[in-house]
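The values are calculated or read from the model by the stated rules, or taken from the named source; none is laboratory data. Because the structure is predicted, anything quoted here is derived from the model rather than measured. In this analysis, Cβ positions are derived from the backbone assuming ideal geometry, glycine residues included, and neighbour counts consider all displayed protein chains. For accessibility, only protein heavy atoms count, side chains too; no ligands or nucleic acids. Shrake-Rupley method; radii C 1.70, N 1.55, O 1.52, S 1.80 Å.
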Amino acid sequence: MAGQRTLVMAEVVIEGHKFFGELEEHTPPVVERKTEDAKGGRYASTKKRVGVVVGNATLKLKGVTVEALQAYGVEEDTRVQIDVKASYQDEDGNTFAEHCSYTGDINKVDDGSRVSQAISETTIEISPRIYKHTEDGKTRYNINLDTQEIDLGKGDIMAKHRSNLGRA
């Protein structure tokens, strides 16, 4: 049984430009199953899944200037491609690879506060339109809001519905 995982190494790639030593923190989006009550003439209702909601992702970078980020297309209201790759190790020495890939719109670029003799931090908040998350090559999420491909780790739940409409 695997023990607690520890992040060993990570990098972020923004529009093809690598930031290796600057990634301080990465928070993937929360993927929530949206449900509604379905009573249908019964005394007690059940929950019926009616959709999926993809939250925002955030990156916290240290020591990166706004000018450098803007040169790579990181500005509010801009669509960007971002990949975050990480390597973890558990207490038993097992290693795990994680890859989160986003194509989405930047909601906010926050330069944070300035503290004397401290490295500056920049937080980037992204609303993903396309989100793929794999662990050791296994899909956790593969969601494309534009094409309605929705894989929550067990296969594309929308494939048959797209097929019914003549969409691949």
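Only the Cβ atoms of Lys and Arg (+1) and of Asp and Glu (-1) were treated as charged; on that basis the dipole of the chain about its Cα centre amounts to roughly 1200 debye. List nothing, just return the count: lysine pairs in the stretch 36-168, 8 or more apart or interchain, with Cα separation under 29 Å. Lysine pairs meeting the criterion: 28.
Taking θ as phi - 60° and the Karplus parameters 6.51, -1.76 and 1.60, the scalar couplings of the stretch 29-42 work out to x, 7, 9, 10, 7, 8, 10, 9, 6, 10, 8, x, x, 9 Hz in sequence order, x denoting glycine and proline. Each semi-axis of the equivalent ellipsoid for the chain is √(5λ) with λ an eigenvalue of the Cα gyration tensor; in descending order they amount to 34, 21, 17 Å. For the pair the stretch 1-31 and the stretch 91-168, the centres of their Cα atoms are 12 angstrom apart. Each of the chymotrypsin sites (Phe, Trp or Tyr not before Pro) that DSSP puts in a loop and that has at most 13 other Cβ atoms within 10 Å breaks the chain; the longest unbroken stretch is 44-168. Running a GNM on the chain with Cα contacts under 10 Å, which residue among 140, 49, 79 ends up with the highest mean-square fluctuation? Residue with maximal mean-square fluctuation among 140, 49, 79: 49. If you take all other residues with their beta carbon under 15 Å from the beta carbon of residue 95, and give Lys and Arg +1 and Asp and Glu -1, the sum is -3.
Computed over the stretch 68-117, the convex hull of the alpha-carbon atoms projects to a mean area of 5.9 nm². Ranking 132, 48 from most to least accessible surface, computed with a 1.4 Å probe over the protein chains only, gives 48, 132. Across the options 119, 145, 109, the greatest Cα extent toward the positive end of the charge dipole of the stretch 67-168 (unit charges at beta carbon of Lys, Arg, Asp, Glu) belongs to 145. Computed with a 1.4 Å probe over protein heavy atoms only, the accessible area of residue 152 comes to about 30 Å².
Counting heavy atoms of the protein chains alone, residue 134 has an accessible area of about 30 Å² for a 1.4 Å probe.
The modelled label-to-label distance for the pair residue 138/residue 167, using points 7 Å beyond Cα in the direction of Cβ, is 3.0 nm.
The H on the amide N of residue 120, modeled in the peptide plane, is under 5 Å from the matching H of 63, each at least 5 residues off or on a different chain.
Between residue 24 and 60, 61, 62, the built amide H atoms are under 5 Å apart, and every one of these is 5 or more places off in sequence or on another chain. Considering helices alone, the calculated mean residue ellipticity of the chain at 222 nm is -1500 deg cm²/dmol, with DSSP H runs of length four and up weighted by -39500 (n - 2.57) and normalised per residue.
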